[in-house]
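The values are calculated or read from the model by the stated rules, or taken from the named source; none is laboratory data. Only a predicted model underlies this, so the values are computations on that prediction, with no experimental measurement involved. Every residue, glycine as well, gets a Cβ built from its backbone with ideal geometry; the counts of neighbours run over all protein chains shown.
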Amino acid sequence: MRDSAAGQELLEREMLARPVSSLQYMLGQLSKTYQFLPQLVPDGVFGPRTQEAVKAFQREAGLPVTGVVDPATWDGIHSCWLRQQARESYTRAARVFPSEGIQVREGSSREYMIVPQTMFNVLARHFEGITPCLADGTHGPASAANVRWLQKAAGLPETGCMDKATWDALSHLYEIFVVQDTSGQPAFTGGWG
């Protein structure tokens with residue numbers, strides 16, 4: 001349970017770091033369940049369509065319809081989204097990281113490390129502190145530094161070892177800030193991101 005709580009804390013911090021994109025993502029996900037909400041694509045711009053979605057949510061939730069995301073509106077959207085995620089969580093198409101208890105230490109080589117290294121390389125475009133590194137499966141110094149950055153952000157022990165809890169935090173971060181998929185199934189674009 002601690003790993004799940006740490007992953008949730010990371011998600012919360014990252015959502016607050018990019019509030020408009022996060023708001024749009026949550027409302028876009030909610031629009032799959034609640035037909036009164038318009039489909040949104042997270043672009044980080046609080047435009048007329050985002051304001052329309054906020055007003056629609058406020059109206060249905062019995063909040064003052066202002067179009068302004070005050071704490072009550074944010075909490076309402078966030079709580080509704082969390083409930084939806086719990087109900088509709090889907091099984092990932094592939095298990096990429098091994099089971100509980102496996103740790104990839106700095107200096108080790110594991111072919112499956114190519115996936116998290118690639119994910120970090122894409123996330124480096126979005127976050128300061130992540131350094132692009134060679135995605136070759138060798139968990140070298142740059143790869144381990146990225147893992148420590150994520151572990152620190154997620155409140156996990158900063159070991160530099162890739163483990164299941166770190167993989168879970170990385171997956172959440174990648175899904176929210178890179179995939180931004182509203183259908184629940186990633187679209188193939190010819191490469192990562």
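A quick yes/no check of all residues on (1) exposed (fewer than 13 other Cβ atoms within 10 Å of the Cβ); (2) not in a helix (DSSP H, G or I):
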site: Tyr34; (1), (2): no, yes
site: Pro38; (1), (2): no, yes
site: Asp43; (1), (2): no, yes
site: Phe46; (1), (2): no, yes
site: Arg49; (1), (2): no, no
site: Glu52; (1), (2): no, no
site: Lys55; (1), (2): no, no
site: Arg59; (1), (2): yes, no
site: Thr66; (1), (2): yes, yes
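How do the pairs read when you match residues in region 158-171 that are at positive phi with residues anywhere that are part of a helix (DSSP H, G or I), using Cβ under 8 Å and keeping only pairs 6 or more apart or on different chains? Within 8 Å, the pairs are Gly160/Ala144; Gly160/Ala145; Gly160/Val147; Gly160/Arg148; Gly160/Gln151. Among the residues of region 145-180, those identified as of a type in the set (Val, Ile, Thr) and surrounded by fewer than 18 Cβ atoms within 10 Å (Cβ to Cβ) are Thr159, Val178, Val179. Quick check, is Asp70 assigned by TED's automatic domain parsing to the domain that holds Pro19, out of contact with any helix residue (DSSP H, G or I) (no Cβ under 9 Å at 6 or more places or on another chain) and on the phi < 0 side of the Ramachandran plot? So Asp70 fits the description; yes. For region 109-144, the tally of residues that are within 19 Å of the chain's Cα centre (by Cα), of a type in the set (Ser, Thr, Tyr) and exposed (fewer than 15 other Cβ atoms within 10 Å of the Cβ) stands at 1.
Selection of region 99-131 for residues being among the polar types (S, T, N, Q) and in a loop (DSSP other than H, G, I, E, B) yields Ser99, Gln103, Ser108, Thr131. Examine region 72-89 for a residue that is part of a loop (DSSP other than H, G, I, E, B) and at pLDDT below 65, and state whether such a residue exists. Yes, there is a match, as at least one residue in region 72-89 is part of a loop (DSSP other than H, G, I, E, B) and at pLDDT below 65.
What pairs come out if I take residues in region 122-137 that are in contact (Cβ under 8 Å) with a residue 40 or more places away in the chain and pair them with residues that are among the hydrophobic types (A, V, I, L, M, F, W, C) and part of a loop (DSSP other than H, G, I, E, B) whose C-beta lies under 9 Å away, six or more apart or interchain? Going by the 9 Å Cβ cut-off, the qualifying pairs are Val122/Trp192; Leu123/Ile130.
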